[in-house]
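To start, the structure itself, in structure tokens.
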Amino acid sequence: MIAVLVIDMQNAYFEDPALDVHRERTIQGCNALIASALSHAVPVLLVKTEHEQDRSTWTLNMLDDNQGFIFRGSSQAEFLPGLITAGLPQLTKIRDSGFIGTELLWRLHNWRVDTLVLAGVSAHNCIAQTAADAFAHNFRVIHAVEAIAGNDPELEDRTRELLAREYRQKMLSNADITALFATAGATP
């Protein structure tokens, strides 16, 4: 079974001008992917990052720089306006990977998922870390290239090349992914 993870489509990440230029394209790509998944009864999970102001959830670089961000309940932590979110389950993480310190693995096993479609931001950080951990947990991974953005095109290209070569992960268009939804079946 296939599931879609939409990762970190939150206001905080698009404060970066290099990522903000991809905002509308990425929202449209994610929304098309979400709509297609839902029409084929494919589970969709919205994955978001949130931190506590007391530093207890901060990453090492946040601690080193004494600068936290994307605090729980803040406008930074909200999903981007226009992103389809209504009625969709959510998962909160505090690290780049959606697997670290979360119940993601349990949810995927309960859905009987063996293949993940990843969308969102950032291609060389949270998407890549989640993809690498998915491989470590024996999930096949597909990157929805029209629904993924980053702020460093060269690094994105090298990361995609590495994930495709070393982990045999596919980089597919939304049309190709929709065709997989239609043929793979979503029955548990």
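Selection over the stretch 107-143 of residues that are in contact (Cβ under 8 Å) with a residue 40 or more places away in the chain, surrounded by 22 or more Cβ atoms within 10 Å (Cβ to Cβ) and in a strand (DSSP E or B) gives a count of 6. From the list L63, L45, the lone residue that is without any contact (Cβ under 8 Å) to a residue 12 or more places away in the chain and among the aliphatic types (A, V, I, L, M) is L63. Scanning the stretch 169-188 for residues that are in a loop (DSSP other than H, G, I, E, B), out of contact with any strand residue (DSSP E or B) (no Cβ under 8 Å at 6 or more places or on another chain) and at pLDDT 95 or above yields a total of 0. Of all positions in the stretch 50-70, none carries a residue that is out of contact with any Ser or Thr (no Cβ under 8 Å at 6 or more places or on another chain), within 18 Å of G120 (Cβ to Cβ) and modelled with pLDDT of 95 or more. Scanning the stretch 149-161 for residues that are in contact (Cβ under 8 Å) with a residue 40 or more places away in the chain and surrounded by 21 or more Cβ atoms within 10 Å (Cβ to Cβ) gives A149, G150.
Here is a yes/no grid of residues against (1) among the aliphatic types (A, V, I, L, M); (2) more than 23 Å from V117 (Cβ to Cβ); (3) more than 14 Å from the chain's Cα centre (by Cα):
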position: H22; (1), (2), (3): no, no, yes
position: I27; (1), (2), (3): yes, no, no
position: A37; (1), (2), (3): yes, no, yes
position: V47; (1), (2), (3): yes, no, no
position: D54; (1), (2), (3): no, yes, yes
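Scanning the stretch 20-32 for residues that are among the hydrophobic types (A, V, I, L, M, F, W, C) and either within 11 Å of G120 (Cα to Cα) or at pLDDT below 95 (or both) yields I27, C30. Mind listing just one residue for me: the one in the stretch 14-55 that is in a loop (DSSP other than H, G, I, E, B) and among the acidic types (D, E) and, of those, surrounded by the fewest Cβ atoms within 10 Å (Cβ to Cβ)? Among them, the one singled out is D54. Of everything listed in (1) acidic (D, E); (2) outside any helix (DSSP H, G or I); (3) loosely packed, with under 15 Cβ neighbours inside 10 Å, the single unmet condition for E146 is (3). Taken over the stretch 97-106, the residue count meeting the criterion of being part of a helix (DSSP H, G or I) and surrounded by fewer than 20 Cβ atoms within 10 Å (Cβ to Cβ) is 2. Scanning the stretch 57-80 for residues that are assigned to a loop (DSSP other than H, G, I, E, B), of a type outside the set (V, I, T) and farther than 13 Å from D8 by Cα gives W58, N66, Q67, G68, F69, R72, G73, S74.
The values are calculated or read from the model by the stated rules, or taken from the named source; none is laboratory data. In this text the structure is predicted, and so the values were computed from the model without any measurement. As a convention, Cβ positions derive from the backbone with ideal geometry for all residues, glycine included, and neighbour counts pool all protein chains shown.
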